[in-house]
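The values are calculated or read from the model by the stated rules, or taken from the named source; none is laboratory data. Keep in mind the model is a prediction, meaning the values are calculated, not measured. Note that we place each Cβ from the backbone using ideal geometry, even for glycine, and neighbour counts take in every protein chain shown. These accessible areas exclude ligands, DNA and RNA; they are computed on the full protein's heavy atoms, side chains included. Shrake-Rupley method; radii C 1.70, N 1.55, O 1.52, S 1.80 Å.
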Amino acid sequence: MKCVVGSFYGEGTEVHRDDTRSEAITVDGHDAWVIESNLSFDIPNLEATEELLIVIIVDTGDAGAGLFYVSIPNTAMHLEGEAREAISTLKVG
């Protein structure tokens, strides 16, 4: 999560992270880990000041992994239900 936040928001941007969920789950019969965080930030010329971030890392076998990334700014929280629906139907292919 530290790498994702550091890469996406760029150097010099202060991002406050409040993890609300960090636990093992199963995705399509595969072991996975989910981390959910509320992020807050102040970026010039950006209307959003907070974001719901969900990262799911899935063990795909053969030492491989997949990543599912959800980023919903506080200006579009009406999309959270759709994101959670997508998570509930993830398939490993």
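Scanning the stretch 1-47 for residues that are closer than 19 Å to E82 by Cα and among the small types (G, A, S) returns a single hit, S37. Taking the stretch 52-75 as the range and being free of Cβ contacts under 8 Å to residues at least 12 places away in the same chain and either surrounded by 11 or more Cβ atoms within 10 Å (Cβ to Cβ) or aliphatic (A, V, I, L, M) (or both) as the test, the residues that pass are A63, A65. Within the stretch 39-51, can you find the residues that are open to solvent by 70 Å² or more (accessible area, probe 1.4 Å) and of a type in the set (A, V, I, L, M, F, W, C)? If the condition is that a residue be open to solvent by 70 Å² or more (accessible area, probe 1.4 Å) and of a type in the set (A, V, I, L, M, F, W, C), then L46 is the only one that fits. Quick one: in the stretch 3-38, of everything that is polar (S, T, N, Q) and in a strand (DSSP E or B), which residue is least open to solvent (accessible area, probe 1.4 Å)? The qualifying residue least open to solvent (accessible area, probe 1.4 Å) is S37.
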